[in-house]
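Remarks on the structure that follows.
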Amino acid sequence: MIDQGKGQKRQEVKMLNRKLLEITGVQNVESFDSEEFLLETDLGFLAIRGQNLHMKHLSLEQGLVAIEGLVHSLAYLDGSNAAKSSKGFFGKLFK
């Protein structure tokens, strides 16, 4: 990874065969289910979509999350998309 100088946030995303995903720089897990995880990271909100997703490891003190399952996509969301996705989760929850 390229060194980005002092004060810059650093994040690593490592995926093995689309079945194991390890992410550093995670501040919070906003929502998750077997098809989607929404993580607040140092570099913005990150949406992970797939099938049979589950959390293998979580350490917010270290900023590390490991997710197992079949990963279809990873996408960083801007502010407006993050709010929509979060509302979508709560909309599903309180139907």
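Structural remarks
- Among the residues of the range 10-28, those identified as open to solvent by less than 100 Å² (accessible area, probe 1.4 Å), of a type outside the set (S, T, N, Q) and part of a strand (DSSP E or B) are Val13, Met15, Leu20, Leu21, Glu22, Ile23, Val26.
- Within the range 27-38, the set of residues being in contact with an Asp or Glu (Cβ under 7 Å, 6 or more places away or on another chain) and within 15 Å of Gly63 (Cβ to Cβ) comprises Gln27, Asn28, Glu30.
- Pairs meeting the criteria (first residue in the range 42-62 and farther than 12 Å from Ile23 by Cβ, second residue among the charged types (D, E, K, R), beta carbons under 6 Å, at least 6 apart or on different chains) are Arg49/Glu36; His54/Glu68.
- Asp78 passes every criterion in (1) open to solvent by 30 Å² or more (accessible area, probe 1.4 Å); (2) modelled with pLDDT of 95 or more apart from (2).
- Test: residue in the range 59-69 that is over 25 Å from Gln8 (Cα atoms) and open to solvent by 30 Å² or more (accessible area, probe 1.4 Å): yes
- Condition met for Glu22 (under 12 Å from the mean Cα position of the chain (by Cα) and either at pLDDT 95 or above or of a type in the set (Asp, Glu) (or both)): yes
The values are calculated or read from the model by the stated rules, or taken from the named source; none is laboratory data. Given the structure is predicted, the values throughout are model-derived calculations rather than measurements. Reconstructed Cβ throughout: ideal geometry from the backbone, glycine too, with neighbour counts over all protein chains shown. Please note that ligands, DNA and RNA were not included when accessible areas were found on the heavy atoms of the full protein model with its side chains. Shrake-Rupley method; radii C 1.70, N 1.55, O 1.52, S 1.80 Å.
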